[in-house]
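**Student:** Structure provided below as structure tokens; questions to follow.
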Amino acid sequence: MEDNPCIICVAITGSVPRKEDNPNIPISVDEQIESTHEAFEAGASIVHCHVRNEDQSVSSDPILFAKLQEGIEKHCSGMVIQFSTGGRSGKGKERGGMLPISPDMASLTVGSNNFPTRVYENSPELIDWLAKEMVKYGVQPEIEAFDLSHIFQAAKMYNEGKLKGNPYIQFVMGVKNAMPVDRDVFEYYIKTVNRILPSANWCAAGIGKHQKTINQWCIELGGHTRTGMEDNIRLDKENLAPSNASLVNLTSEICGMYGRSVATWEQTREILNIPLKN
Ligand code: MG
């Protein structure tokens, strides 16, 4: 059987968890670089990044993003760097203020839905602007699908030329008040991506205790997957995750159980068609 390496993305920090929740969560840029380095050595080949202020509050400061990018490029040479343009880190166009520093990738949500305590608002105008900035600065989007309609919207944007590059679609499941972790829907997502965006690669992220379940489903069904402390701060029921690398190790073990290798950064760049920038 031909090998189908599994890309592991590590979402190191996010906007929500704080040191009070898990003291091991990386907050400062230095902590983030160190945590990314450990996760990279454990097999993660994409890092999904948010930045925080010193008091742990969320930030969308391009200067912090630039420092993080520089450190990761230095210490994790070849790793794919993905910045978040998610709605918890800033308001309106602030969310895309770091795109001019040209990360390899950025997350892009192409529709709205509910989050645990608020509306996750993504207006058509803002989505089109973020897409335009990504095309302008050569940033490949990772589409965050919180709902089936987001997959259709992404396909429409690719067909209209508003989005460029290899489509990479991430299904997000288990966010409270949004799409739950549901196997039938998961399989239908895959079927729909294959039908309306056949050139796309897909991956998925599960939130909280569902992280491992989603990792298993992705690996079993031939996709790629995401782990990390942004989505889940626990190693298991009893223990907090000691590091992002510990979660990457868990995911890598699941790959082994299903006979899949973990994609190297070179393989990841080849699969997603993201050349190394110089
Ligand atoms: Mg995020």
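**Student:** Round to the nearest 0.05 the FRET efficiency obtained for K156 and D61 when R0 = 35 Å and r is the Cβ-Cβ distance.
**Tutor:** That pair, K156 with D61, gives E of 0.60.
**Student:** Which entries in the list K67/K176; K19/K212; K132/K176 go over 27 Å, if you measure between the two C-alpha atoms of each? Could the numbers behind the result be given before it?
**Tutor:** On the way: K67/K176 32 Å; K19/K212 22 Å; K132/K176 30 Å.
Cα-Cα > 27 Å for K67/K176; K132/K176; rest within.
**Student:** Extending each Cα 7 Å along its Cβ direction at M257 and A178, get the distance between those two points in nm, one decimal.
**Tutor:** 2.5 nm
**Student:** Sticking with this structure for a sec: Could you name the lysines whose alpha carbon sits less than 16 Å from that of K277, not counting residues in the same chain fewer than 8 places away?
**Tutor:** Straight-line reach from K277, under 16 Å: K74, K136.
**Student:** For the pair H75 and D21, what calculated FRET efficiency results from E = 1/(1 + (r/R0)^6), where r is the Cβ-Cβ distance and R0 = 30 Å, to the nearest 0.05? It would help to have the intermediate numbers written out before the result.
**Tutor:** Values: r = 26 Å, r/R0 = 0.86.
According to the calculation, E is roughly 0.70.
**Student:** Please give, to one decimal in nm, the separation of the simple spin-label points placed at L240 and V185, each 7 Å out from Cα toward the Cβ.
**Tutor:** Going by the 7 Å Cα→Cβ label model, 3.0 nm.
**Student:** Which lysines have a Cα less than 17 Å from the Cα of K91, not counting those fewer than 8 places away in the same chain?
**Tutor:** none
**Student:** T85's amide H: which non-local residues (gap 5+, or another chain) put their own amide H closer than 5 Å, with H modeled 1.01 Å from N in plane and none for Pro or chain starts?
**Tutor:** The answer is S107.
**Student:** Let me check I've understood the local charge: for L108, count other residues with C-beta under 13 angstrom from its C-beta, Lys and Arg +1, Asp and Glu -1. What total comes out?
**Tutor:** 0
**Student:** If the chain between L276 and N194 were fully stretched, how many nm would it gain, using 0.36 nm times the residue separation less the Cα-Cα distance?
**Tutor:** 26.8 nm
**Student:** Right, here's the next one. Subtract the Cα-Cα distance of E266 and K93 from 0.36 nm times their separation in residues, and report this length gain in nm to one decimal. Mind dumping the intermediate values first?
**Tutor:** Working: separation 173, 0.36 × 173 = 62.28 nm, distance 3.24 nm.
Separation in residues times 0.36 nm, less the Cα-Cα distance, equals 59.0 nm.
**Student:** Follow-up. I want to check the label-to-label distance for L221 and R118. Put each point 7 Å from Cα in the C-beta direction and report it in nm to one decimal.
**Tutor:** The answer from the label model is 3.1 nm.
Taken together, the values in this text are just the output of simple stated rules run on the coordinates, not laboratory data. Predicted model only: the values in this text are computed from it and were never measured. Don't worry about glycine lacking a Cβ; one is built from the backbone with ideal geometry, like all the others, and counts go over all protein chains shown.
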